[in-house]
Each structure stands twice: as structure tokens, then as C-alpha cells.
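Student: Supplied in C-alpha cells, the structure appears directly below.
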Amino acid sequence: MSDVELRVAATAAEAQREAAELLAESARRGGHIALSGGGTPRPAYEGAARLAPDWSGVEVWWADERCVPPDDERSNYRLVRESLLDRLDRKPLMEHRVLGELSPAEAADAYDAELRDVVFDLALLGIGPDGHTASLFPNDPALDELGRRAAAVPRPDVARVTATIPQLNASETVLFLIVGEEKADAVARSFSAPPDPATPAGLVRSVSGRTIVLLDRAAAARLPN
Ligand code: 6PG
């Protein structure tokens, strides 16, 4: 696996600005870009739309999605539509939305088929305080889905569909964007400890490309110096 490129910014805003620049560069090159939900990437998506308003060479994918309709406030599609897609001058060539309105199994099977032979040029990921990334949660059976590209993930709140570890690790560039002191422990477990299914983000690395980790100082606080 490729080494990890750790970049620590002084502030969350600086980390998000750098992510926006990397997203914009990737959009200008064109190709397959997979995006995540959550609150951290929103400013990066807004910034990328300002820096690169033409995504006509891009096919947009989701690293994960909640099994809800696309206009649901929990939808990652809605997050990306509001913070990026609606702000572009030229829309993506394709928006591969996870069909969250279907059953989790149907949505996962459809996405798995759609992802056949697709390699992400860039996959932007976050990390939860528990070390999850996309919807790959600690010790979850989805971590063992090595023959699929997408899998359904039952959850107490709402079921999800997630890209699998093989799909994410095949990416040319895996770009983690992580800010906040509440992530510091998960960051240390993910990037300075042996791979462990208890911390799924530590299992996600680009196999043949780059793994870039953009952090603010607070999220990097427990990394070894
Ligand atoms: C989701 C995301 C999820 C996110 C982490 C971190 O569906 O919520 O895909 O994996 O990246 O939960 O979210 P924050 O960066 O907002 O803390």
C-alpha cells in the first residue's frame, strides 16, 4: 500500500480550502470523483464550485449514502447538490446517485452493478470519531465485502449504502478531510497504528496511487511528532 501524505493546516478553514483546491484540480482533469457526506466537506464543495465551475468532464459518485429519498435532509446526494452541483456553470457529465428511495439491498445491488469497471480518480472521505469512513463502521460485516464494489449497511438510525474497501482502495487518489479535536483519537488510530477493523479508516489506502490526509491541528493532535 502507498504511504500516507499527512498535511496539517493551522485551521479547519485552511484544510477545507486545500481540499477545495484538490477537488478543483481533479474536476479540471475530469474523470470519476466520489464524494462523502457530513459537515466537514461542505465548505470544500462550495470552494471547489467557485474554483472550478465546469464539471462537464466529471462523473460524480457517492462514497456512501443514506437510504432516504434524494430530497431528505439526511441525503448525501442533497448535501452535494446544494453545496456543489447547484453552484456549477457546467454540470457533471454524469451524477451517479445512489437510489436511496429503494430498499438498501436493491440500492446496493444497483450501485454495485453501476460501479463495475469504474476506478475513482479521486475519493474524498471523512472520518467519524469512531473511526468509520464512508459508511464502513467499526467491525461491520461490510468490511469483509471484498467481492463487491458497493454494499448495504443496516444501521440503528437509517440504513446506508457504502463503497467497499476494494472499491475505495482502487482509487487513484484517496483524499481524507478531517478537522476537529473530536477526531484526534480516530486519526491516531487510523494513521499511526496497525490496520484494525475496529478503525475502518485505517483500512482505506490507495493501493497504487496516493493517500492524502488533510487535517487541522486539532485533529492531528494525537499523531506522533
Ligand atoms: C456520512 C459520511 C461520513 C462522514 C463522517 C465524518 O454519510 O455521514 O459519508 O462517512 O464522512 O461521518 O463526517 P464529518 O466530517 O461531518 O464529521
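The values are calculated or read from the model by the stated rules, or taken from the named source; none is laboratory data. Quantities reported herein were computed from a predicted structural model and do not represent experimental measurements. Counting neighbours? That spans all protein chains shown, and the Cβs are built from the backbone with ideal geometry, glycine included. Just so you know, the surface numbers come from the protein's heavy atoms only, side chains and all, with ligands and any DNA or RNA stripped out. Shrake-Rupley method; radii C 1.70, N 1.55, O 1.52, S 1.80 Å.
Student: Which shape class applies to segment 5-216: rounded if a/c is under 1.5, otherwise prolate when a/b exceeds b/c and oblate if not, where a ≥ b ≥ c are the square roots of the Cα gyration tensor eigenvalues?
Tutor: Rounded, because the longest to shortest axis ratio a/c is under 1.5.
Student: Return the long-range amide H neighbours of Ala9 (sequence gap of 5 or more, or a different chain), with a cut-off of under 5 Å between placed amide H atoms.
Tutor: Leu215, Asp216, Arg217
Student: Please sort 157-166, 138-147 by packing, taking for each peptide the average over its residues of neighbouring beta carbons within 10 angstrom, highest first.
Tutor: 157-166, 138-147
Student: Pop the C-beta distance of His96 and Arg28 into the FRET formula with R0 = 22 Å and round what comes out to the nearest 0.05.
Tutor: The computed FRET efficiency comes out at 0.65.
Student: Next up: Quick check: the distance between the Cα centres of segment 61-77 and segment 1-37, to the nearest angstrom?
Tutor: Going from one Cα centre to the other spans 21 Å.
Student: If you don't mind, another one. Around Ala19, with a cut-off of 12 angstrom between Cβ atoms, what is the net charge of the other residues, counting Lys and Arg +1 and Asp and Glu -1?
Tutor: My count for the surroundings of Ala19 gives -3.
Student: Another question, if that's okay. Quick check: with the 1.4 Å probe, what order do Arg50, Arg116 take by accessible area, largest first?
Tutor: Final ranking, largest accessible area leading: Arg50, Arg116.
Student: Related question: Counting only protein heavy atoms, what percent of the accessible surface of segment 5-216 is carbon or sulfur at a 1.4 Å probe?
Tutor: Its accessible area is 49 percent carbon and sulfur atoms.
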